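Written below as structure tokens is the structure these notes are about.
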Amino acid sequence: MKKFLLMIPVFFTLSLAFAQIPTPDAYRKAQSELAAKNYWEAIPLFKQFTDPKEYGNLANYAAFHLGEAALGANQPAQAVAALEPIVSGNWAKEDDAKYLLAIAYFKNQQNIEALQIIKKIKDDKVMAMAANATYENLKQVSVSFMIANISEFKENKGYGEALKRVLESQTILSATERAAYYELQGKGFENKNVVKDQILDIVVILPFTNSSRTNLSNIPQNDFVFELYQGLEYGMEQLKLSGTKVNMLTFDSKRDIAHLQNILADPAIASADIIIGPIYPEETDLVSSFAETARIPFVHPLSNLGDRFEELNYSYLFRPSVSSIAAGIVESLRKQNWGKRVAIGYSASSRDEMLAKMLQDQLGKAGFQLVKFEQITARNTSSFLQGLGIRSGQRSMPVDQIILLSDDPSIAQPAFSLMESITASIPTLVMDSWLGFDFANYEMMEFPNFYFIGNNTLNFYGEPMQQFRNKFYNTYLSYPSMNTALGVEMVNWVASSMSDSKGFDLRRNLDQNAFQAGKLTWGFNFQGTHNNQYVPLFKLEAGELKPLD
């Protein structure tokens, strides 16, 4: 909505063509003072002509101009008193009087009364002026006032624009605030997520630089952000070669909230079909809030911490959430029937602590017995396992399966070394990141007792993966990292879920299939959820990774 300076218009000429009696000299004097902006002089002159019994229709005009003069003198209460009697009098300028009364109410801090009188305006031109006045007077009010009254006044376009401004000034939106904004948009206000063409427009926002690393040229090639971006860029180029209409626009968040807010104001963001990134919590909270308001899907590329996204409409995790991982582990243990006794060791990371607590609760509800529950480090991992009977000569153990929750190689190495040295056969569940540790040769173990928890696990032995690795090597003279492969797969997933043939409604398209096969990973299930629910256990069989039956 265009913004206009809020002015009190003089609606009437100095002549009184509509008056049915001769114009008194004092009235003409009042008009002259008003035209000269001598408001205090005009007020008493108009006031003497406001008795309708004595002056008939002239009294309506006198009251109207009295309201103008009072507003000009910054006396809104006087303006209200003058205008209230003439807004229901069925005279020629009734709607103009309602508009002027609304201005007086706004200036007198009577916002509800102003909005209510605006609802009664019938003339389209006057209503347009009233909408502008609504915006100017409400654009900085509290969000609680706007939300509380949206149902009653949402037809006022100025109210909608003011609410939009108020909401966009918020860093984080509550569920109630988002719902109010969606309701407003559903009534015809601008929806930024309208697909204007058949091109898939992807926006990538990643923290390439920060306060200590200010130059893009200083980013090491083994930096996980660089690896992820390299995969995203490679995947997009492959889509273009296959004929897919796709554009990718990349921004550096600089891990700076103020800078990120400026990025989100870029018109290119508003026209995106999907936003990938950023990564860190303070950044993702801001982008998630923006995505919910702008109704543009936002995807966190790497994290498992996003169960709050299930309460949102446009925010997603590309990977499984902690709750999905926990559910997948419990379901797999039920099916395998290895026994009911479980030990859990978990690292100090936020994900692993949260996952361990969820498993503690869910395994108990599923009838499992938790015999050990302990935080593990590089120093105590061996003693944690030995305390469970994982040592030479031990024939019986007080546990049927062990779960080790960590992506840290300094924790994985002593665990693997101990298992390998004593040829342990007890089923041991670890994160799929352990498959990438160069010290672990699972094929040389006597008992294949390691099982890998799915977390968008790569299908290392699939033909598409082999082709990707070869093409990538031919381009960069190095093999892709796991983060690079996940970047490629993320672009594949987006393109398979949003296209000119399927349409660009991500939520609708994800709900159509319970399972979606991956190209470089084993697959996805986003049906009815905002994270990948496909969390199988994998085993190594004859050197090949396979989902556990």
Right, Met397: aliphatic (A, V, I, L, M), within 32 Å of the chain's Cα centre (by Cα) and surrounded by 15 or more Cβ atoms within 10 Å (Cβ to Cβ) or not? no
Enumeration of residues in the stretch 200-220 that are open to solvent by 50 Å² or more (accessible area, probe 1.4 Å) and either within 23 Å of Phe318 (Cα to Cα) or in a helix (DSSP H, G or I) (or both): Leu216, Ser217, Asn218
Residue pairs qualifying under the 6 Å Cβ cut-off, at least six apart or on distinct chains, with the first in the stretch 214-229 being closer than 15 Å to Pro278 by Cβ and the second being surrounded by 10 or more Cβ atoms within 10 Å (Cβ to Cβ) and among the aliphatic types (A, V, I, L, M), are Val225/Leu206; Phe226/Ile219; Tyr229/Leu206
Which one of Gly339, Gly328, Gly364, Gly345 is farther than 26 Å from Lys546 by Cα and either touching a strand residue (DSSP E or B) at 6+ places or on another chain (Cβ under 9 Å) or not in a loop (DSSP other than H, G, I, E, B) (or both)? Gly364
Search the stretch 88-101 for residues being among the hydrophobic types (A, V, I, L, M, F, W, C) and open to solvent by less than 20 Å² (accessible area, probe 1.4 Å), and hand back the single one that is farthest from Asp124 (Cα to Cα). Leu101
If I ask for residues that are surrounded by fewer than 22 Cβ atoms within 10 Å (Cβ to Cβ) and touching a residue at least 40 places away in the same chain (Cβ under 8 Å), which ones from the stretch 406-419 would you list? Asp407, Asp408
Hits in the stretch 247-266 (condition: open to solvent by 50 Å² or more (accessible area, probe 1.4 Å) and either closer than 24 Å to Leu167 by Cβ or part of a loop (DSSP other than H, G, I, E, B) (or both)): Lys254, Arg255, Asp256, Ile257, Ala258, His259, Gln261, Asn262, Ala265, Asp266
Considering only helices (runs of 4 or more DSSP H) fully contained in the stretch 423-514, which possess at least 3 residues that are surrounded by fewer than 17 Cβ atoms within 10 Å (Cβ to Cβ)? 463-476, 506-511
Ser382: small (Gly, Ala, Ser), touching a residue at least 24 places away in the same chain (Cβ under 8 Å) and either open to solvent by 10 Å² or more (accessible area, probe 1.4 Å) or in contact with a Phe, Trp or Tyr (Cβ under 7 Å, 6 or more places away or on another chain) (or both), yes or no? yes
Residue by residue through the stretch 35-77, note down the ones that are small (Gly, Ala, Ser) and more than 16 Å from Ser88 (Cα to Cα). Ala35, Ala36, Ala42, Ala69, Ala70, Gly72, Ala73, Ala77
Here are Ile329, Ile403, Ile390: which of them is of a type in the set (A, V, I, L, M), open to solvent by less than 40 Å² (accessible area, probe 1.4 Å) and over 16 Å from Phe452 (Cβ atoms)? Ile390
Candidates Ile275, Ile269, Ile296 - the one that is part of a helix (DSSP H, G or I) and either at pLDDT 95 or above or β-branched (Val, Ile, Thr) (or both): Ile269
Could you tell me whether the stretch 56-64 includes any residue that is modelled with pLDDT of 95 or more and not in a helix (DSSP H, G or I)? no
Is it the case that some residue within the stretch 534-548 is touching a Leu at 6+ places or on another chain (Cβ under 9 Å), at pLDDT 95 or above, of a type in the set (Val, Ile, Thr) and surrounded by 12 or more Cβ atoms within 10 Å (Cβ to Cβ)? no
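The values are calculated or read from the model by the stated rules, or taken from the named source; none is laboratory data. Please read all numbers here as calculations on a predicted model, not as lab measurements. FYI the Cβ positions are ideal-geometry reconstructions off the backbone, even for glycines, and counts take in every protein chain you see. Accessible surface is based on the protein model in full, side chains and every heavy atom, while ligands, DNA and RNA are left aside. Shrake-Rupley method; radii C 1.70, N 1.55, O 1.52, S 1.80 Å.
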